[in-house]
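Quick note: the coordinates plus some simple rules give every number you see, no bench work behind them. Computed from a prediction, not measured in an experiment: that's the story for all the values here. Methodologically, a virtual Cβ is constructed for each residue, glycine included, from the backbone with ideal geometry; neighbour enumeration extends over all protein chains shown.
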Amino acid sequence: MPTRDLTAPLTADTQAALTPDEVIQALKDGNDRFLAGTPVERNFIEQVRQTAGGQYPMAVILGCIDSRVPHEIVFDKGVGDVFSARVAGNFVNTDILGSLEFAAAVAGSKVIVVLGHTECGAVKGACDHVQLGNLTSTLANLAPALYAVGDAVEGERSSSNAAFVQAVAEQNVRQTVRQIIDRSPVLRERVVSGNLVVIGAMHDVHSGTVTFYDGERIDAASLA
C-alpha cells in the first residue's frame, strides 16, 4: 500500500490510487492500532477545515446503531475517511442501498463492510419476536437470518441462548452482504469491474476486535 500521511484526509488522487485490498488492509491496520492503544494523532478540527470542500472516503461501513461500535474509532480513522451507515441490526433496505450506491458509485469508495457485532440488542429482539411500535417492522428485517440458522444451534431459540444469538448475528451479516449485490445492479457492476469489494465483519464488544470474513467476500473473482 502506498505510504500516505494518515493524519491528512483523503483527496481525489489518494482515494483513486487505493485498491479495495489496500482499503481492507487499512481498516485492519486501524483496528490493530485501536486494540494496541496507539491511534494516529489527528487534529480533527483541522481535518474538518480540510474536508469542507469535498470528501473522498475509502470505504462505507454498514453497521448497527449500537453505541459500543463507533466506526471511526474502532478502525482508527479520521474525518472524511469512511462513510458510516447505521441501522439497528445492520440490514439493507431501499434507502440504505441508495446510500451505499452513492458512497461507492458517486463518491468512489472502494469497499463496503457489513459490520455486525456480538451481544446485538436488535438480534436479541428478533430472536424474542419483540413487538414494539415501529421497532416491530425493523426487527422483521432480521427474520431471514433467524430462520436460516434453523436447528443448527442446540438449545432454546431465544436471547437466553448466547450461541443462538451469535449464530443469527453472523448469518445476518452474510445474508446482508449477499443482498447488497442481489438487490443493487449498480453495486454489482462496481464489483464486476473490480472497483468494489463487499465484505462482512464482526465486532466483539468485549475486546474491540473486528474479524473480517475474508474467505466469504464478494469481489470480481467470486462473481466471474
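Considering only Val82, Val106, Val23, the mean-square fluctuation computed in a Gaussian network model of the chain, springs between alpha carbons under 10 angstrom, is largest for Val106. Result for the chain in a Gaussian network model with C-alpha springs under 10 Å: among Ala52, Ala122, Ala12, the largest mean-square fluctuation is at Ala52. Could you list the GluC sites (Glu not before Pro) in region 32-73 that lie in coil according to DSSP, counting only those with at most 12 other Cβ atoms within 10 Å of their Cβ? In loop regions of region 32-73 (DSSP not H, G, I, E or B), the sparsely surrounded GluC sites (Glu not before Pro) are Glu41. Considering only Ile65, Ile24, Ile73, the mean-square fluctuation computed in a Gaussian network model of the chain, springs between alpha carbons under 10 angstrom, is largest for Ile73.
Annotation: the residues His206, His71, sorted from fewest to most other C-beta atoms within 10 Å of their own C-beta, follow the order His206, His71.
For n ≥ 4 DSSP H runs only, could you compute -39500 (n - 2.57) per run for the chain, divide by its residues and tell me the 222 nm figure to the nearest 500?
Dividing the helical sum by the residues of the chain leaves -12000 deg cm²/dmol.
The lysines whose alpha-carbon is closer than 27 Å to the alpha-carbon of Lys77, local same-chain residues fewer than 8 away aside, are Lys28, Lys110. Shown is the FRET efficiency for Ala143 and Arg183, computed with R0 = 25 Å from the Cβ-Cβ distance and rounded to the nearest 0.05: 0.90.
Mind sorting Lys28, Lys124 by how few other Cβ atoms lie within 10 Å of their own Cβ, fewest first?
Arranged by neighbour count, lowest to highest, Lys28, Lys124 become Lys28, Lys124.
Order of Met202, Met58 from fewest to most other C-beta atoms within 10 Å?
Least to most surrounded, the residues fall as Met202, Met58.
Taking other residues whose beta carbon is less than 13 angstrom from the beta carbon of Val87, and scoring Lys, Arg as +1 and Asp, Glu as -1, yields -1. Between Ser193 and Lys28, residue separation times 0.36 nm minus the direct Cα-Cα distance comes to 57.0 nm. Does anything in region 176-203 have its amide N under 14 Å from the 7 Å Cα→Cβ label point of Ala224, and if so which residues? Residues 192-195 qualify, since their backbone N sits under 14 Å from the label point. Placing R0 at 41 angstrom, the Cβ-Cβ distance between Ala152 and Asn43 gives a FRET efficiency of 0.25 after rounding to 0.05. For region 145-224, the list of GluC sites (Glu not before Pro) that fall in a loop by DSSP and count at most 12 other C-beta atoms within 10 angstrom reads Glu154, Glu156.
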